[in-house]
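*Asks:* Please read through the structure below; I'll follow up with questions.
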Amino acid sequence: MKPIFGKIVSDKMQKSVLVAVTRIVKDPTYGKYYKKTKKFMAHDEENACNIGDLVRLSQTRPLSKRKRWNVEEILKKAEI
């Protein structure tokens with residue numbers, strides 16, 4: 001599966017982060033574009049991510065009930 005890109009919205013767990021992925025969708029009836037956001041739990045082995053970081057996720061085997069993604073790379077660090 002291709003990687004997805006998102007922004008960290010929570011890093012309060014050990015070795016886990018919550019990532020919000022936003023995509024643009026076109027309404028089939030009216031043709032208007034709007035944003036949809038979905039949240040994914042991801043594994044962060046080094047605890048390197050902070051809130052606001054832009055990251056790339058790759059799919060992996062199920063690590064827990066909700067975790068099926070792995071933080072592959074931090075693309076942009078958040079400004080504190």
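*Asks:* Hey, can you tell me all the residues within the range 71-80 that are assigned to a loop (DSSP other than H, G, I, E, B) and at pLDDT 95 or above?
*Replies:* Lys77
*Asks:* In the range 36-75, which residues are basic (Lys, Arg) and under 15 Å from the mean Cα position of the chain (by Cα)?
*Replies:* Lys36, Lys38, Lys39, Arg56, Arg66, Lys67, Arg68
*Asks:* Next question, about the same structure. For Met1, which of the numbered conditions (1) among the aliphatic types (A, V, I, L, M); (2) under 9 Å from the mean Cα position of the chain (by Cα); (3) at pLDDT below 95 fails to hold?
*Replies:* (2)
*Asks:* Under 7 Å between Cβ atoms, at least 6 apart or on separate chains: pull out the pairs that start in the range 35-55 with a residue that is among the small types (Gly, Ala, Ser) and end on any residue that is in a loop (DSSP other than H, G, I, E, B).
*Replies:* Final answer for the pair search is Gly52/Ala78.
*Asks:* From the list Arg56, Arg68, Arg61, Arg23, exactly one residue is basic (Lys, Arg) and part of a loop (DSSP other than H, G, I, E, B). Which is it? Give the derivation first.
*Replies:* Working: Arg56 fails: part of a loop (DSSP other than H, G, I, E, B); Arg68 fails: part of a loop (DSSP other than H, G, I, E, B); Arg23 fails: part of a loop (DSSP other than H, G, I, E, B).
Within the list Arg56, Arg68, Arg61, Arg23, the selection yields Arg61.
*Asks:* A follow-up question, please. One residue is enough: does the range 33-46 have a residue meeting the conditions surrounded by 13 or more Cβ atoms within 10 Å (Cβ to Cβ), out of contact with any His (no Cβ under 6 Å at 6 or more places or on another chain), of a type in the set (A, V, I, L, M) and part of a strand (DSSP E or B)?
*Replies:* Yes, the range 33-46 has at least one match.
*Asks:* For residues that are among the basic types (Lys, Arg) and within 14 Å of Asp11 (Cα to Cα), tally how many sit in the range 35-66.
*Replies:* Here the count works out to 1.
*Asks:* Of the residues that sit in the range 3-20 and are among the polar types (S, T, N, Q) and in a strand (DSSP E or B), which one is farthest from Thr60 (Cα to Cα)?
*Replies:* Checking each candidate, the answer is Ser10.
The values are calculated or read from the model by the stated rules, or taken from the named source; none is laboratory data. From a predicted model like this one, the values you see are computed outputs, not experimental measurements. Quick reminder, even Gly has a Cβ in these numbers, built from the backbone with ideal geometry, and neighbours come from all protein chains shown.
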